[in-house]
Amino acid sequence: MSNTIVVVSDRNYIWGVWLLIVSMRKNSMNEPVLVQGEGYEESDIAVLKQFADVTVLNRQNNSGRNLCCSKPDAMLLPETDYVTWVDSDSIFYGNCSRYLTADPDHIHVEVRGLKENNAVFSKCYEANDPYGSIPAKVLDTWRKDIGENTEPALRTCCSTCFISLHTSHRALLEKWRDQIHKILPTDNVGVYDTRSFAYFQTDESVLNSILCFSKVAVPPTGNFLLDKDPHAFHIHFAYRPKPWQMWNMYSIKHFDKTVELVEWAVANGYNTPGPVPISLHRKYRTLNHILARFGKNWTRAKKVLRRLGIKIR
């Protein structure tokens, strides 16, 4: 059984892609990695390709949409048995290879619990919507836009920071790609688009609409495997700022795990994407824990750091 890890990023996330690849190779995860770069420079390509079995495809984004909308396009490229999407602001702790893929009849993706789903859709609920469900008005829009099945196959939505499926399900990826082109505007307003209550999570909303109502949908696994083993799990740095910029109170608990990756890479002769930022230096551990309290106020925190004479990338 072969599997390819796929990731997409622009230059702002080159440190994220580098950390992800380091986390794999440090933990003896030998899957080939396919990186879809956006506007990479030669130095960016070189710093990623120094690792074994890494392919970098560089392009200019002509669609105008945010890069997150390129997920299905990138996932259609590998020819391995499985393809696994991983967000470029995440790492693996331990060897997670055995947890990446599920059986061929299911998509391995995290299905949100009622509490988390309720928080995601908190601004969309109306009086008769059950707690934690996908709001009725969202389902109505998705049902109309997909135009296939009438009853939703999901009660709550899936997160798209990690997706793995057998490549026999190309029809799902193609539907996702085509539906993104059909539904989402061509401008780039970021990962979230608050102009649409049904598609405010852009590519994620589109995928969930397909999983709910399309005939090509693949059912999610009943058990997400990447958060069960305390010695091997996936870490997603979901909030800003990112670790290579500054820590926040959500991510700071992973400071040591992340810095260990940088130390391992440097000790083994690998080049970094640039000077190692203070956020990834162990000697600044105490400072980083203090600054993490200001992570939510990233713009304000950058001003404080500049006053301290610390440059921010």
Looking for whichever is within 30 Å of S28 (Cα to Cα) and surrounded by fewer than 16 Cβ atoms within 10 Å (Cβ to Cβ) here; the options are L57, L67. Which one fits? L57
Among (1) surrounded by 20 or more Cβ atoms within 10 Å (Cβ to Cβ); (2) assigned by TED's automatic domain parsing to the domain that holds N118; (3) under 20 Å from V120 (Cα atoms), R155 falls short only on (1)
Only residues that are among the hydroxyl-bearing types (S, T, Y) and modelled with pLDDT under 90: list them for region 286-309, please. T299
Can you confirm whether V262 is within 30 Å of A52 (Cβ to Cβ) and without any contact (Cβ under 8 Å) to a residue 24 or more places away in the chain? no
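Can you go through T160, T186, T194 and tell me which one is modelled with pLDDT under 95 and within 15 Å of P220 (Cα to Cα)?
Checking each option against the conditions leaves just T160.
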Does at least one position in region 269-278 carry a residue that is touching a His at 6+ places or on another chain (Cβ under 9 Å) and either under 28 Å from Q50 (Cα atoms) or surrounded by fewer than 16 Cβ atoms within 10 Å (Cβ to Cβ) (or both)? no
Inspect region 253-270 for any residue being acidic (D, E) and outside any helix (DSSP H, G or I) and give the result as yes or no. no
Give region 1-30 a look and list any residue that's part of a helix (DSSP H, G or I), out of contact with any Leu (no Cβ under 9 Å at 6 or more places or on another chain) and polar (S, T, N, Q), or say none. N12
Filtered residues of region 31-59 (kept if in a loop (DSSP other than H, G, I, E, B) and more than 20 Å from the chain's Cα centre (by Cα)): E41, Q50, F51, A52, D53
Within region 22-54, of all residues that are of a type in the set (G, A, S) and at negative phi, the one surrounded by the fewest Cβ atoms within 10 Å (Cβ to Cβ) is A52
Filter region 104-135 down to the residues that are of a type in the set (A, V, I, L, M) and loosely packed, with under 14 Cβ neighbours inside 10 Å, then identify the one that is nearest to A171 (Cα to Cα). L114
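The values are calculated or read from the model by the stated rules, or taken from the named source; none is laboratory data. Keep in mind that what you see is a predicted model, and the values were worked out from it rather than measured. Neighbour counts run over all protein chains shown; Cβ positions are idealised from the backbone, glycine included.
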